[in-house]
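Notes follow the structure.
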Amino acid sequence: MKKFFDSLKSSLKWISLITVLFIIGFFIAQNNSNEIKTFKRTQILLGTIVEIQIQDNDEKKVEEAFAKAFGEIKRIDNLFTTYNEGSPVWRLNNSVNETITVDKEIYNLLVLCDSVTKLSEGAFDVSLDNLTRAWGFYSDNPSLPSESEIENALKSSGWDKLKLNDNQTITKQKNVALNFGAVAKGYAVDRAIEILKSHNVHSASVNAGGDVKVFGKQWKIGIQHPREKKEILDIVTLENNSIATSGDYERYFEVDGKRYHHILNPKTGYPSTGLQSVSIINKSNTFADALATAVFVLGVEKGLNLIESLDDTEAMIVDENGKIYFSSNFSKYKLKN
């Protein structure tokens, strides 16, 4: 009988041990299933590579969020494109009427563009489509236009040839054409983040060719070196914020060793000179995107003066010699070693 009870005690010990191990294993599995993971997807949209990162523990929810966010970016790409015949902006540009009823979303973005144009004294201008075409930046083979071609393009370009009316209409000279290339990426990034937030993911970032917005935890964002393709010039940490960068390295060609890029000066019709890149931090990526272009055209002194006049806005500017300038509070976003 004693041997029986000894054997029973031994069996119970093993059963207890197995039970404990099972419970431990169960909780480990539970913890693993709740572990926050990083998911990443990329697509080519808006003429660039768009990367979305999501941190969450629900893969099904994450995949739905990816699909909706990329779908929203594609919708905005189709809304603001001037490439596709029949798109809303194409119809606006090719209208024979002087006063045109505009899609509400386009009109609202025009209101923001109008404010940045006025803030920058015309350095930012989305009515330069004819000038962009003269330089061939729509094609894979841009080229140096003649002086007469630039002069003719300037005659049908310029914000002074367009007026926003109160009833969601605009009045513009017949041949003036809009191009939202300097602001559409930022707007798409803002919209994508709103979509991701609506799916209640833990945290996320959207990067559309250097226009980046994040929410959730602090994210480390690298700023592209304007002359070294594979190098990062600086790193900032952002939380519920955004950064947009414009540079002369994005789209350009060279003639006799001189670089001609796509950021055009609305007054001269030629690529803006004096800077290599501008990075702007602001909670609105739409606003930051537009400001980055404006500051690039304004140059270091006027550009920094503009940034210092704005609340919750910071800038990093790289001049033509590679010298870096910062706005007064940019350092609080720099990665601390």
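The values are calculated or read from the model by the stated rules, or taken from the named source; none is laboratory data. All values derive from a computational prediction rather than experimental measurement. Here the Cβ positions follow ideal geometry from the backbone for every residue, glycine too, while neighbour counts run over all protein chains shown. Just so you know, the surface numbers come from the protein's heavy atoms only, side chains and all, with ligands and any DNA or RNA stripped out. Shrake-Rupley method; radii C 1.70, N 1.55, O 1.52, S 1.80 Å.
State the answer as a single residue: which of Gly274, Tyr138, Ile223 lies farthest towards the positive end of the charge dipole of the chain, with beta carbon charges of +1 for Lys and Arg and -1 for Asp and Glu, about the Cα centre. Positive-end residue among those listed: Ile223. Summing Lys and Arg as +1 and Asp and Glu as -1 over all other residues whose Cβ lies under 11 Å from the Cβ of Asn329 gives a net charge of -2. With the convex hull drawn over the C-alpha atoms of the stretch 185-267, the volume per residue is 109 Å³.
In terms of the Cα gyration tensor, with a ≥ b ≥ c the square roots of its eigenvalues, is the stretch 100-161 rounded because a/c is under 1.5, prolate because a/b exceeds b/c, or oblate? Prolate, because a/c is 1.5 or more and a/b exceeds b/c. With a Förster radius of 51 Å applied to the C-beta separation of Glu149 and Glu35, the computed FRET efficiency comes to 0.30.
For the chain, the mean residue ellipticity at 222 nm estimated from helices alone is -12500 deg cm²/dmol, where every DSSP H run of n ≥ 4 contributes -39500 (n - 2.57) and the total is divided by all residues, rounded to the nearest 500. Give, in nm to one decimal, the length gained when the segment between Tyr138 and Asn165 is fully stretched (0.36 nm per residue of separation minus the Cα-Cα distance). Full extension from Tyr138 to Asn165 adds 6.8 nm.
Considering only the other residues whose Cβ falls under 12 Å of the Cβ of Ile307, what net charge follows from Lys and Arg at +1 and Asp and Glu at -1? It works out to a net charge of -4.
Once you divide the Cα radius of gyration of the chain by 2.2 N^0.38 Å, the number left is 1.31.
Relative contact order for the chain: what is it in percent, counting Cα pairs under 8 Å that are at least 6 residues apart? List each step's numbers first, then the result.
On the way: 607 pairs, mean separation 51.5, N = 337.
Over the chain, the number comes to 15 percent.
Per-residue 3J(HN,Hα) values for the stretch 284-290, derived from phi via the Karplus relation 6.51 cos²θ - 1.76 cosθ + 1.60 with θ = phi - 60°, read 8, 6, 4, 5, 4, 4, 5 Hz in sequence order (x marks Gly and Pro). Sorting the segments 44-52, 236-244 by their residues' average number of neighbouring beta-carbon atoms within 10 angstrom, most packed first, yields 236-244, 44-52.
Specify whether the C-alpha gyration tensor of the stretch 131-212 places it in the rounded, prolate or oblate class, a ≥ b ≥ c being the square roots of the eigenvalues: rounded for a/c under 1.5, otherwise prolate if a/b is larger than b/c and oblate if not. Here the stretch 131-212 falls in the oblate category.
Find how much the distance from Tyr83 to Lys220 grows on full extension, using 0.36 nm per residue of separation minus their present alpha carbon separation; answer in nm with one decimal.
45.9 nm
Here Lys37 is the anchor, and the aspartates and glutamates within straight C-alpha reach of less than 19 Å, apart from those fewer than 8 places off in the same chain, are Glu51, Asp56, Asp58, Glu59, Glu63, Glu64, Glu239. If R0 equals 41 Å, the separation of the Cβ atoms of Lys60 and Ile235 corresponds to a calculated FRET efficiency of about 0.80. Rolling a 1.4 Å probe over the protein heavy atoms gives the chain an accessible area of 53 Å² per residue. Pairs from the list Lys104/Lys185; Lys61/Lys104; Lys104/Lys213 with a Cα-Cα gap above 20 Å: Lys61/Lys104; Lys104/Lys213. Of the residues Ser146, Ser272, Ser95, the one that moves most in a GNM of the chain with alpha-carbon contacts below 10 Å is Ser146. Ligands, DNA and RNA excluded, the heavy atoms of Val96 present near 110 Å² of accessible surface to a 1.4 Å solvent probe. Computed from backbone phi, the HN-Hα couplings of the stretch 308-319 come to 5, 7, 10, 7, 6, 9, 10, 9, 10, 10, 10, 7 Hz, rounded to whole numbers (Karplus: 6.51 cos²θ - 1.76 cosθ + 1.60, θ = phi - 60°; Gly and Pro given as x). A straight chain from Gln173 to Ala67 at 0.36 nm per residue would run longer than the Cα-Cα distance by 34.2 nm.
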